[in-house]
Number of protein chains: 2
Amino acid sequence: MTVEAMGRPSPFRGLMMDDVPLTINWVMRRAATIFADRPVVTRTPDGGRHRYTYRALAERAGRLAGGLAALGVGPGDRVATLAMNHYQHLEMYFAVPGMGAVLHTVNPRLHPDDLVHIMREAGDRVVVVDQRLWPVWEKIRERLPALAAVVVEDGTGPVPAGSLGYEAVLARGEPVPLADGVADDRQAAAMCYTSGTTGRPKGVVYSHRSLVLHALAEAAVDSIGLSERDTVLPVVPMFHVMAWGLPYGAALHGAGLVLPGHDLTPVGLLTLLEETRTTLTAGVPTIWLGILAELDAHPGRYDVSRLHTMLVGGAAVPPSVLAGLRDRHGLTVLHAWGMTETTPLGSVAHVPAGVDPRPGPEGDAYRLSQGRPAALVEIRARGAGGLVPWDGSTPGELEVRGPWVAAHYYGGDDDGKFTDDGWFRTGDVVTIDARGYLVIRDRAKDLVKSGGEWISSVALENALMGHPSVAEAAVIAVAHPRWQERPLAVLVGRGSDRPSDLELARFLAPQFPDWWLPDGYRWVDAIPRTATGKFLKTALREQFHDALEDRGRDRRGE
Amino acid sequence: MTVEAMGRPSPFRGLMMDDVPLTINWVMRRAATIFADRPVVTRTPDGGRHRYTYRALAERAGRLAGGLAALGVGPGDRVATLAMNHYQHLEMYFAVPGMGAVLHTVNPRLHPDDLVHIMREAGDRVVVVDQRLWPVWEKIRERLPALAAVVVEDGTGPVPAGSLGYEAVLARGEPVPLADGVADDRQAAAMCYTSGTTGRPKGVVYSHRSLVLHALAEAAVDSIGLSERDTVLPVVPMFHVMAWGLPYGAALHGAGLVLPGHDLTPVGLLTLLEETRTTLTAGVPTIWLGILAELDAHPGRYDVSRLHTMLVGGAAVPPSVLAGLRDRHGLTVLHAWGMTETTPLGSVAHVPAGVDPRPGPEGDAYRLSQGRPAALVEIRARGAGGLVPWDGSTPGELEVRGPWVAAHYYGGDDDGKFTDDGWFRTGDVVTIDARGYLVIRDRAKDLVKSGGEWISSVALENALMGHPSVAEAAVIAVAHPRWQERPLAVLVGRGSDRPSDLELARFLAPQFPDWWLPDGYRWVDAIPRTATGKFLKTALREQFHDALEDRGRDRRGE
């Protein structure tokens, strides 16, 4: 507060409260002192375990920063990673922002053209690549000649020609004291591109301050509730929205970390969850679909009794997954909503005060919603006629703001995604109830617009996944000569039974208006996915774009 | 993050993350929307109950801001309160900062000269006084002729001549929309003077940002863990360090609030805790001493089974109180440390990971410590030779910094309390262990300096309060001709038995070096207290300053 900020002359002077910068360096310092002996466990590429502590992490991160500086990395430079979840990636998480540079986590599952595009746009100077992911880099390195490549060794042989070994880089420079690197907490710390399901990937730049406040909020009881007593296993990749901020949250609050490396199979994850007595794990719904199937197939094989929270985000959790994990295996799903642009903690679906928290339809309706905005996050929704009422039924596009919500995209192309008064336009069509609970009715572009009315593909998908013979369901909009668009369901079976279209329609009929029912059902072996595990509906739409043409003609002839 | 902040030219531009101001207005807006129906219950002066919701609170706070504006209160003006914990005081908490003015909570138990001094120094323009506290104002009003007085009616009669009624002020102006008042979150929101046990009271000015971040941190599992499912009863007065930030924390996270008004007796509090199903309550140790005595005297009379946390701060909790509440009544004490200068959340005493959290000596040693710094708070301790190691045994003066720690006192007299690099010097002598747990060995000025060595009055007090015949104990330094100072114990008895000095010395002997044992014991009816319930050792020192003169002569003659 300054004298000028006051309305009248007064004896107030200067800043009365400390304005200490909120930096990643500060988080590292806290972890390395107060939580020095808390563990970081990694599953190594050979299937073994690497174990150390936050104290050792801080020491190596300081040396890594020195090594990167010796490579010529300076303040503001972007350093990319093509890497899974392991301690070396965690060291990058602290070393790069800690030296004033910017960590650019790149999704190795992207198309090579997208990789080249975003690494060029970001202006990356160095890329750190898992040895196992070297083929990804091999495909694009000639198109990115300015980048130096550092390889995280997997022990299978020497690092490829034209690259440096990670350990050699780490050994190369004088350690940089991470305590001091950054004076302005609004400085960029990291960046991540959107997954680009619906267009070109766009870069989101996280400041030190936004990441630290986000990590603080993750400890709130009504958000994720991180505590020193937790052991956290992020299944969500560290190239995807900073692994939902969990590495920084764990370090700030002293939780132990378990990093699963390259093995994300249900068996691999369940083995690691049991062995490390993990209390909190996090990932997209498809991960839990696989976990649930493995648990169902082998009752009693895994002891995951320490696990108190399975955080689910990135897509809506199917009700059958929440109920199956809970009712058959005693596991608690915590549903949350967020995006790359929201760091990603946007809202969390706890049951509100006044509602019975025990299993049951009333509580589950809240658990399966997208939840209520986290503290410091604000929401509103806009329909055709302006902001919509919080009545739980009027849909509108969700807009968000808060200290860890993007205000711009990197590179200046904001693409109409920010309102004039600075809110981020999410593209999600939601309803908001009187308590601020969000329900995503659909992505604006995933809605099926049939004869001028909206049909929710999400609602149909969730219902279909409740059918005992359906493992996965994606509902897409397919062109229709009469109704412009009609829904088509694309299904992956469970077991050997394949119910008829009529049987599926009868199954859905009690839950929806007649005109919502899909015009067709197609069985496939697998639904194509984005690099982050979401259904890739653009591919399905391409594959099935003329699926209803005959039906359309039939109907015209009715 | 700005282009200028970057080390090299780059395509980064402007601020990439939202810099939305963190204001009290924002907290009010969240409470009034997402938590609109959560309750605020007040015990009224006539012993009844006033009940409303956050929605009604926000509506009335907006009208109050309009009424204060009509009185001439503008941005930056200081508005004082002389009031206990009730909904009108809560309305002031939101209305005054919300209109850009500064809420100055004044401790009505201070000496009239101190009241005049701080209200003059703060430059208060309006004072809002509880009708029951009118006599306090009556004594000083002629010395503060510039202040307009507003009286919070207690229903016993008309408001005193020369004052306005609170409800009349509230009805007087157009409501001010609290959504918009404050653009700069570093602006002053509130101020509070230190209790001045050790010198002249000094003003601490809280910014909007510091109060909001503090309220966010109060929800962390490893701090207070505030949740919407809580009902919070702050016994700590709203004139004392913003009632430890609990009103703002409750509103931000949607917890219900119970405000006990003027009745802080054990019977009154226990009745209210039971009736409102309070889950979390907070106050100084003397409050819990009284509660424990009442519970012991009437086993089974009160059902406080909903109460999961009794937050204790302001002074060290005696081990006998922690154990008595837990072992005899199933109640959990959570010990925390803070000061007016730290808003006050400094550190919280949870049991760390790796230590058995069940009752027992190892866990209790952590529970009885001052705990570990809250997230975003940093600590260090300085001895004669510089910063001391975190070894749990080397004492030093505690220094603190963080976004809710003061950087200056109001009015410019920083009194040597801030280091050159901006840390606040607390005056507490502490040890810090390897996990960052603080133990206060003493206030720097409460240490007994006997022959050049320090004796901890706190340690002696805690031990003495463990004697079955001792209800309260204060140990003070008394002048001694040979040893400069020697400890004298001032005791309040429990029951009718008064053990002899010899018996007390034998009781203490196993726990302390010989030379720590008090040179004398004095029984009194009550230990004088500060306005905030702490032992007023300055008064004891005055009363007993020559208590050891004879003893001193005796010893010289040995």
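The values are calculated or read from the model by the stated rules, or taken from the named source; none is laboratory data. Model, not experiment: these values are computed from the prediction. Backbone-built Cβ (ideal geometry, glycine too); neighbour counts: all protein chains shown. Please note that ligands, DNA and RNA were not included when accessible areas were found on the heavy atoms of the full protein model with its side chains. Shrake-Rupley method; radii C 1.70, N 1.55, O 1.52, S 1.80 Å.
Condition first: of a type in the set (Gly, Ala, Ser) and at pLDDT 95 or above. Now tell me which residues in region B:140-162 satisfy that.
Hits for region B:140-162 are B:148, B:149.
Is it true that residue B:220 is within 30 Å of residue A:356 (Cα to Cα) and in contact (Cβ under 8 Å) with a residue 60 or more places away in the chain?
Answer is yes for this residue.
Any residue that is more than 9 Å from chain A (Cβ to nearest Cβ) and either at pLDDT 95 or above or within 17 Å of residue B:212 (Cα to Cα) (or both) - is there at least one of those in region B:4-22?
yes
Criterion first (closer than 17 Å to residue B:72 by Cα and buried (at least 17 other Cβ atoms within 10 Å of the Cβ)) does residue B:148 satisfy it?
Spelling it out, residue B:148 is indeed closer than 17 Å to residue B:72 by Cα and buried (at least 17 other Cβ atoms within 10 Å of the Cβ).
Residues that are within 14 Å of chain B (Cβ to nearest Cβ), in contact with a His (Cβ under 8 Å, 6 or more places away or on another chain) and either hydroxyl-bearing (Ser, Thr, Tyr) or surrounded by 21 or more Cβ atoms within 10 Å (Cβ to Cβ) (or both): does region A:438-455 have at least one?
There is no residue in region A:438-455 that is within 14 Å of chain B (Cβ to nearest Cβ), in contact with a His (Cβ under 8 Å, 6 or more places away or on another chain) and either hydroxyl-bearing (Ser, Thr, Tyr) or surrounded by 21 or more Cβ atoms within 10 Å (Cβ to Cβ) (or both).
Has region B:93-101 got at least one residue that is outside any helix (DSSP H, G or I), buried (at least 24 other Cβ atoms within 10 Å of the Cβ), in contact (Cβ under 8 Å) with a residue 60 or more places away in the chain and of a type in the set (Phe, Trp, Tyr)?
no
Specify the residue that is least open to solvent (accessible area, probe 1.4 Å); the eligible residues are those in region B:486-539 that are free of Cβ contacts under 8 Å to residues at least 60 places away in the same chain and among the polar types (S, T, N, Q).
Going through the qualifying residues, I end up with B:500.
Given (1) in contact with a helix residue (DSSP H, G or I) (Cβ under 6 Å, 6 or more places away or on another chain); (2) closer than 19 Å to residue B:246 by Cα, where does residue B:17 come up short, assuming only one miss?
(2)
Out of the residues in region A:383-416 that are of a type in the set (D, E, K, R) and touching a residue at least 40 places away in the same chain (Cβ under 8 Å), state the one that is farthest from the other protein chains (Cβ to nearest Cβ).
Ranking the qualifying residues of region A:383-416, first place goes to A:397.
Which residues, counting only those in region A:292-313, are within 24 Å of the chain's Cα centre (by Cα) and either among the acidic types (Asp, Glu) or part of a strand (DSSP E or B) (or both)?
Correct list: A:294, A:309, A:310, A:311, A:312.
Can you tell me how many residues in region A:227-273 are on the phi > 0 side of the Ramachandran plot and either open to solvent by less than 10 Å² (accessible area, probe 1.4 Å) or at pLDDT below 95 (or both)?
Qualifying residue count, region A:227-273: 6.
Given A:381, A:459, A:375, A:463, which one is buried (at least 20 other Cβ atoms within 10 Å of the Cβ), touching a Lys or Arg at 6+ places or on another chain (Cβ under 9 Å) and among the hydrophobic types (A, V, I, L, M, F, W, C)?
A:375 is the lone residue from the list that is buried (at least 20 other Cβ atoms within 10 Å of the Cβ), touching a Lys or Arg at 6+ places or on another chain (Cβ under 9 Å) and among the hydrophobic types (A, V, I, L, M, F, W, C).
Going through region B:417-437 one residue at a time, which ones are surrounded by 20 or more Cβ atoms within 10 Å (Cβ to Cβ) and in contact (Cβ under 8 Å) with a residue 24 or more places away in the chain?
Those that are surrounded by 20 or more Cβ atoms within 10 Å (Cβ to Cβ) and in contact (Cβ under 8 Å) with a residue 24 or more places away in the chain: B:423, B:424, B:426, B:428, B:429, B:430, B:431, B:432, B:435, B:436, B:437.
One line per residue, one yes/no per condition, for (1) out of contact with any Leu (no Cβ under 6 Å at 6 or more places or on another chain); (2) of a type in the set (D, E, K, R):
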| position | (1), (2) |
| --- | --- |
| A:398 | yes, no |
| A:415 | yes, yes |
| A:420 | yes, yes |
| A:427 | yes, no |
| A:450 | yes, no |
| A:454 | no, no |
| A:459 | yes, no |
| A:463 | no, no |
| A:481 | yes, no |
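Kindly list the number of the only condition in (1) on the phi < 0 side of the Ramachandran plot; (2) in contact with a strand residue (DSSP E or B) (Cβ under 7 Å, 6 or more places away or on another chain) that fails for residue B:371.
Going through (1) on the phi < 0 side of the Ramachandran plot; (2) in contact with a strand residue (DSSP E or B) (Cβ under 7 Å, 6 or more places away or on another chain) one by one, residue B:371 breaks only (1).
For region B:260-271, what are the residues that are touching a residue at least 60 places away in the same chain (Cβ under 8 Å) and out of contact with any Lys or Arg (no Cβ under 7 Å at 6 or more places or on another chain)?
B:268
Which of the residues that make up region B:27-43 are open to solvent by less than 30 Å² (accessible area, probe 1.4 Å) and either at pLDDT below 95 or assigned to a loop (DSSP other than H, G, I, E, B) (or both)?
Once the filter is applied, which keeps residues that are open to solvent by less than 30 Å² (accessible area, probe 1.4 Å) and either at pLDDT below 95 or assigned to a loop (DSSP other than H, G, I, E, B) (or both), region B:27-43 yields B:34, B:35, B:36.
Which members of region A:60-94 meet the condition of being at pLDDT below 95 and under 28 Å from residue A:47 (Cβ atoms)?
Within region A:60-94, none qualify.
In this structure, does residue A:133 turn out to be over 20 Å from residue A:24 (Cβ atoms) and surrounded by fewer than 24 Cβ atoms within 10 Å (Cβ to Cβ)?
Against the criterion (over 20 Å from residue A:24 (Cβ atoms) and surrounded by fewer than 24 Cβ atoms within 10 Å (Cβ to Cβ)), residue A:133 qualifies.
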